[in-house]
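S.K.: One structure follows; several queries about it will come next.
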Amino acid sequence: MSTILIVEDNENNMMLVRDVLEMKGYTVLGASTGKEGVRLAIERKPDLILMDIQLPDIDGITALAQIRVDGAARKIPVLAVSASVMPEEKQKIAASGFDDYITKPLNMKTFVETVEKFIGKA
């Protein structure tokens, strides 16, 4: 079964996403900081990464850039997960190289469909 890395500093959001994905049969790895997310992405090579943008150490955009530098981790699809709906923020996130964008609060049906779309490509 596919492995998904969640990089999320909000414990409630982490638990919700973890529970939904585990119910769907995925193996879930969790990181609460950007640096930890980068480390796990490079070490474990998950099939998909869900990256919060607002993190306590480095932001999700910086973490993505660090993951993209690693030869083997470079090809992992990374989805931005953010509550920001400001057009300029969305544009900045899209321009930074994320494969897709998921808005918070999560719509579970859309969330699962988006994850499955990218896992199918993994």
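Values quoted throughout were computed directly from the atomic coordinates according to the rules given, and no laboratory measurement underlies them. Keep in mind the model is a prediction, meaning the values are calculated, not measured. Reconstructed Cβ throughout: ideal geometry from the backbone, glycine too, with neighbour counts over all protein chains shown.
S.K.: For residues that are of a type in the set (A, V, I, L, M, F, W, C), surrounded by 10 or more Cβ atoms within 10 Å (Cβ to Cβ) and within 15 Å of Leu64 (Cα to Cα), tally how many sit in the stretch 81-101.
M.R.: 4
S.K.: Got at least one residue in the stretch 45-54 being more than 23 Å from Lys117 (Cα to Cα) and either touching a helix residue (DSSP H, G or I) at 6+ places or on another chain (Cβ under 9 Å) or surrounded by 19 or more Cβ atoms within 10 Å (Cβ to Cβ) (or both)? Break it down stepwise before answering.
M.R.: Within the stretch 45-54, the first condition is being more than 23 Å from Lys117 (Cα to Cα), and the residues that meet it are 54.
Pick out the ones that are also either touching a helix residue (DSSP H, G or I) at 6+ places or on another chain (Cβ under 9 Å) or surrounded by 19 or more Cβ atoms within 10 Å (Cβ to Cβ) (or both) and you get 54.
Scanning the stretch 45-54, I find at least one residue that is more than 23 Å from Lys117 (Cα to Cα) and either touching a helix residue (DSSP H, G or I) at 6+ places or on another chain (Cβ under 9 Å) or surrounded by 19 or more Cβ atoms within 10 Å (Cβ to Cβ) (or both), so the answer is yes.
S.K.: Ok, one more. Of all residues in the stretch 21-32, how many are touching a residue at least 12 places away in the same chain (Cβ under 8 Å) and surrounded by fewer than 16 Cβ atoms within 10 Å (Cβ to Cβ)?
M.R.: In the first step, residues of the stretch 21-32 are kept if they are touching a residue at least 12 places away in the same chain (Cβ under 8 Å); the result is 21, 24-32.
After this cut, where a residue has to be surrounded by fewer than 16 Cβ atoms within 10 Å (Cβ to Cβ) as well, the list is 24-25, 27.
Residues that pass the stated criteria total 3.
S.K.: Among the residues of the stretch 73-118, write down those that are under 14 Å from the mean Cα position of the chain (by Cα) and hydroxyl-bearing (Ser, Thr, Tyr).
M.R.: Ser82, Ser96, Tyr101, Thr103, Thr114
S.K.: Pairs only if they're at least six apart or on different chains, beta carbon under 6 angstrom, first in the stretch 75-94 and closer than 15 Å to Asn107 by Cβ, second in a strand (DSSP E or B) and aliphatic (A, V, I, L, M); list them, first residue then second.
M.R.: Leu79/Leu50; Leu79/Ile102; Val81/Leu50; Val81/Ile102
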